[in-house]
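Just below is one structure, and these are the notes that go with it.
The values are calculated or read from the model by the stated rules, or taken from the named source; none is laboratory data. Being a predicted model, the structure only gives us computed values, none of them experimental. All Cβ positions, glycine included, derive from the backbone under ideal geometry; neighbour counts span all protein chains shown. SASA here: full protein model, heavy atoms, side chains in, ligands and nucleic acids out. Shrake-Rupley method; radii C 1.70, N 1.55, O 1.52, S 1.80 Å.
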Amino acid sequence: MSRPILRLNDGYDHTSPELRDEVKELQNELKQEGYALDADGFFGRDTEAALKQFQSEHNLDDDGVAGALTWAALLGTPPLALDKVYPTTIPRNDSGYLRQLDAATHYLAFIKQGAQQYGIDAPVLGGLGSRESRWGLALQLAGAGGTGDFAERGFPARFRQGALPPDGGGFGRGLMQIDFDAHEFARTGNWQDPQQNILYGCKVLSDCLSFFQRKQNLQGKPLLRAALAAYNCGPGNVLKAIRNGLDVDFYTAHRDYSKDVLNRAGFFQLNGWE
């Protein structure tokens, strides 16, 4: 299980009180290593000094920041590859995200299936479903059979004569919000089935990954961000953003889609998803 990145002044009311429990965990780990600290949840100068000394003694960069390598040394566990670590600003015990985690757990077998079949990390799929539908909690008719995105679009269009889909639902279909206009699966497929919906969403993301590997020779997190952005606004728009020197999220909803998905992925990783 990963841990959040912690640094000086975390845990205080004026900075990040939501990280107080994580700071206490860090302080308790340092105490077990023999450092004299109070586990008060406030990352002050004494905690920073103890952490720097620990890092120096373990041949780590003694910057006083508890990142993936430092946590691995403290916990005695192998560190995750850096491109498999998803830092997050979301506290592990955030109540709203815990409700999403509980909802997603009902579909965990399908998420793991998609992760294995398409080579996508499960936390990323957790973050994707969170952003798209809050794992069904944000949909009209909450759950796998619900729809979202009721913003009206221009018409007539190829598959509809009105501003919304003819069946009265929104454009986003099911947990992974497969778009009605863009995907036949959302019009005629079994999109209400959670397994089929999740696997289709995995396929869409996998196709986006392959597209940017071919077109831009991207790897690692830049590749993943481009593919996630394309999941939201289409590969063509992301490619246009890259070629114009813009951030990959430039054409996405709120211009933060891939960053937000990976931030949410970090929450799922903090809660044991690997």
With label points set 7 Å from each Cα along the Cα-to-Cβ direction at ARG214 and ARG45, the distance between them in nm comes to 5.9 nm
Here the net charge surrounding PHE185, from other residues whose Cβ is less than 15 Å away from its Cβ (Lys, Arg +1; Asp, Glu -1), is -4
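Charges at C-beta only: +1 for Lys and Arg, -1 for Asp and Glu. How large is the resulting dipole of the stretch 172-274 about its Cα centre, in Debye rounded to 20? Intermediate results must be reported in sequence, preceding the final value.
Working: 12 positive and 10 negative charges, 70 e Å.
It comes to approximately 340 debye.
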The correct ranking of HIS183, HIS58 by accessible area at 1.4 Å, largest first, is HIS58, HIS183
The FRET efficiency for GLN117 and ASP21, from their Cβ-Cβ distance with R0 = 25 Å and rounded to 0.05, is 0.10
With the label point 7 Å along the Cα-to-beta-carbon line of GLU274 and a cut-off under 11 Å to each amide N, the hits in the stretch 1-34 are 1-2
For the chain, longest principal axis from Cα atoms; helix 220-233 axis from its Cα atoms; angle between them, nearest 10 degrees, is 40 degrees
Computed over the stretch 185-251, protein heavy atoms only, probe 1.4 angstrom, the accessible area per residue in square angstrom equals 46 Å²
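Determine, for each peptide in 104-115, 244-255, 154-165, the mean count of other beta carbons within 10 angstrom over its residues, then list the peptides with the highest first.
Working: 104-115: 18.4, 244-255: 16.0, 154-165: 12.1.
Sorting 104-115, 244-255, 154-165 by mean packing, highest first, produces 104-115, 244-255, 154-165.
Enter the mean projected area of the convex hull around the alpha-carbon atoms of the stretch 1-129, in nm², rounded to one decimal. Write out the running numbers ahead of the final one.
Values: hull surface 34.9 nm².
Reported value for the Cα convex hull: 8.7 nm².
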Working note, the stretch 81-164: Cα radius of gyration (Å, one decimal) and Dmax (Å, whole number) are 16.2, 50
The distance between the Cα centres of the stretch 136-162 and the stretch 107-124, in whole Å, is 25 Å
Protection proxy (average C-beta count within 10 Å per residue), highest first, orders 189-199, 225-235 as 225-235, 189-199
If the label point sits 7 Å along Cα→Cβ of LEU75, residues of the stretch 237-268 with amide N under 15 Å come out as 266-268
Computed over the chain: longest principal axis from alpha-carbon atoms vs helix 194-216 long axis, angle to nearest 10 degrees, is 80 degrees
Whole-Hz Karplus couplings 3J(HN,Hα) for the stretch 149-159, θ = phi - 60° and coefficients 6.51, -1.76, 1.60, Gly and Pro as x, run 6, 9, 5, 5, 10, x, 8, x, 10, 4, 10
Among (i) 20.2; (ii) 19.6; (iii) 18.4, the value of Kirkwood radius over Cα pairs in Å computed for this structure carries the label (i)
Taking the chain and counting helices only, DSSP H stretches of n ≥ 4 at -39,500 (n - 2.57) each over all residues, the nearest-500 ellipticity at 222 nm comes to -15000 deg cm²/dmol
When the charge dipole of the chain is computed with +1 on Lys and Arg Cβ and -1 on Asp and Glu Cβ about the Cα centre, the Cα farthest towards its positive end, among TYR251, ASN271, ALA50, belongs to TYR251
Simple SL model, points at 7 angstrom along Cα→Cβ for HIS58 and ASP193; separation in nm is 4.7 nm
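In whole percent, how big is the carbon plus sulfur part of the accessible area of the stretch 110-164, probe 1.4 Å, protein atoms only? Each step should come with its number before you reach the end.
Details: 1390 of 2770 Å².
Roughly 50 percent of what the probe reaches on the stretch 110-164 is carbon or sulfur.
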